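Just so it is clear, none of the values below were taken in a lab; they were calculated from the coordinates. The shown structure was predicted, so the numbers you read here are calculated from the model rather than taken from an experiment. FYI the Cβ positions are ideal-geometry reconstructions off the backbone, even for glycines, and counts take in every protein chain you see.
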Amino acid sequence: MRENINGALYSLVYGKLIASAVDPIEKKPLFHFLPGSQAYSIATVGCNFRCLNCQNYDVSQMPKPQKPIFGEDATPEEIVEAAKRYKCESIAYTYTEPTIFFEYAYDIARLARKEGIKNVFVSNGYITEEALRVIAPYLDASNIDLKGFSDEFYRKLCGAHLNPVLDAIRLHKELGIWIEITTLVIPSLNDSEENFRKIADFIKDLDDGIPWHVTRFYPAYRLFDLPPTPVDTLDKARKIGLEVGLKYVYQGNIPEEGENTYCPSCGKLLIKRHDYEVMQNIIKDSKCPYCGTKIDGVWQSKTRQT
């Protein structure tokens, strides 16, 4: 997605929109960031991972070299105008890896901030410290994949390494960016109790108020020989996360009770969801209306609350 011209790297995907849609923010998934709002979701082609289970492989793993780069021409100004037209409270850089189109995302994010529109990354977490610090002033939230907790798993499944992802998650937290973590649970590859516990422990050590999404795998790309994740396995992961001490653990890709938000103190239902739709939200002033416990998240569009 980049080309060396006289010793300098140039982006080949800047302004080349391969996908755009209006999505509920819950689809990212972000459950504690402006629930019930809409996000204008965009992407270019390309990724810095080669995950064997990629659901968007037709655009993320486009054959190389691919010239010309596929995509519809769209300026940063046009992206922001589209978000305003569709009354979206945020722009989500998603579907493929946003660090691949970093310069494009950065220019859009700066314009969006001026218009009062939030910016959201849906990322594999493979971003350098320098890049994250550059965009941090304009980045309001990220959902980061923590795909497993061993370097061997990352190398075999994604062609990458674990520690840079862990470092990026820590830095997001340090910089005050709201984060939620997603683990796609793949049968026989990352579905052990040990793996769940290591991920939960890592999140807990960072902040027990960070939501963890354990999500159901469906066969895709080069992993069609594996079955969908049993619901019992997601139940086990959620149970372990709560036992470790995480306040919010969610189940994804299945319309179950695990989509709902409960007060970590009194256990009362606060946000009821079904298929990415918020059916009920009774959080008031970032607190549980029953016991007054502060609920971690960003609940208002005008200010950042963590």
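Here the dipole of the chain is about 420 debye; that uses its Cα centre as origin and unit charges on the Cβ of Lys and Arg (positive) and Asp and Glu (negative). In this calculation the C-beta distance from residue 155 to residue 231 is compared with R0 = 45 Å, giving a FRET efficiency of 0.95. Backbone amide hydrogens, once placed in the peptide plane, bring residue 20 within less than 5 Å of nothing, excluding anything fewer than 5 places away on its chain. Shape summary of the range 46-156, radius of gyration then Dmax from alpha carbon positions: 15.1, 45 Å. Spin-label pair residue 207-residue 281: with each label point 7 Å from Cα along the Cα-Cβ axis, the two points sit 1.8 nm from one another. Checking the Cα-Cα distances for 118/236; 118/284; 84/156; 173/198; 204/268; 198/284 against a 30 Å cut-off, the pairs over it are 118/236; 84/156; 198/284. With 5 Å bins beginning at zero, the pair-distance distribution over Cα atoms of the range 227-306 amounts to 3, 14, 21, 22, 21, 11, 5, 2, 0 %.
In the chain, helices alone account for a calculated mean residue ellipticity at 222 nm of -8000 deg cm²/dmol, with every DSSP H run of four or more residues adding -39,500 (n - 2.57).
Each residue of the range 189-196 was assigned a 3J(HN,Hα) from its phi angle through the Karplus curve 6.51 cos²θ - 1.76 cosθ + 1.60 (θ = phi - 60°); the sequence is 9, 9, 9, 7, 4, 4, 5, 4 Hz, with glycine and proline shown as x.
For residue 22 and residue 192, FRET efficiency with R0 = 45 Å and r from the beta-carbon atoms, rounded to 0.05?
Working: r = 38 Å, r/R0 = 0.84.
My answer for the efficiency is 0.75.
When 120, 134 are ordered from fewest to most other Cβ atoms inside 10 Å of their Cβ, what list results?
Fewest-to-most ranking of 120, 134: 134, 120.
Sites listed here are trypsin sites (Lys or Arg not before Pro) in the range 51-153 whose DSSP assignment is loop and whose Cβ has at most 10 other Cβ atoms within 10 Å: 87.
With Cβ to Cβ distances under 14 Å as the rule, what net charge do the other residues near residue 284 carry (K, R +1; D, E -1)? If you can, show how the numbers build up before the last one.
Working: positive: 268, 287, 294; negative: 285.
In short, +2.
When the chymotrypsin sites (Phe, Trp or Tyr not before Pro) in the range 135-238 are filtered for DSSP coil states and for at most 16 other beta-carbon atoms within 10 Å of their beta-carbon, the remaining sites are 221, 224.
Principal axis analysis of the Cα atoms in the range 1-76 yields extents of 47, 32, 21 Å, listed in decreasing size. Can you pull out the GluC sites (Glu not before Pro) in the range 136-201 that DSSP calls coil and that have at most 11 other Cβ atoms within 10 Å? Of the GluC sites (Glu not before Pro), not one in the loops of the range 136-201 has a Cβ with at most 11 other Cβ atoms within 10 Å.
Starting with the fewest neighbours, write out 274, 172, 213 ranked by other beta-carbon atoms found within 10 Å of each beta-carbon.
On the way: 274 12, 172 24, 213 27.
Ranked by crowding around the Cβ, least crowded first: 274, 172, 213.
Using θ = phi - 60° in the Karplus curve 6.51 cos²θ - 1.76 cosθ + 1.60, the 3J(HN,Hα) couplings for the range 240-246 round to 5, x, 5, 5, 5, x, 6 Hz; x is entered for Gly and Pro.
Between 46, 125, 71, the Gaussian network model of the chain with springs among Cα atoms under 10 angstrom shows the greatest mean-square fluctuation at 71.
How high is the FRET efficiency from residue 268 to residue 85, r the C-beta distance, R0 51 Å, rounded to 0.05? Spell out each step's value before the answer.
On the way: r = 38 Å, r/R0 = 0.75.
Efficiency for this residue pair is about 0.85.
Among DSSP beta bridges lying fully in the range 2-281, give the percent that are antiparallel, nearest 5. Display every interim value, and only then the final one.
Working: 18 of 44 bridges.
Counting only bridges with both partners in the range 2-281, antiparallel ones make up about 40 percent.
In plain terms, the residue of 142, 286 with the fewest other Cβ atoms within 10 Å comes first and the most crowded comes last, giving 286, 142.
Every pair of different Cα atoms in the range 169-241 enters the Kirkwood calculation, which places the hydrodynamic radius at 13.2 Å.
For residue 273, the residues whose modelled amide H falls within less than 5 Å of its own, excluding neighbours fewer than 5 places apart on the same chain, are 260, 261, 279.
Hey, what D do you get for the chain in µm²/s if you plug the Kirkwood alpha-carbon radius into Stokes-Einstein at 25 °C and 0.890 mPa s? Walk me through the intermediate numbers first.
Details: Rh = 19.8 Å.
So the translational diffusion coefficient is about 124 µm²/s.
Computed over the range 2-281, relative contact order equals 15 percent, with contacts defined as Cα pairs under 8 Å that lie 6+ residues apart.
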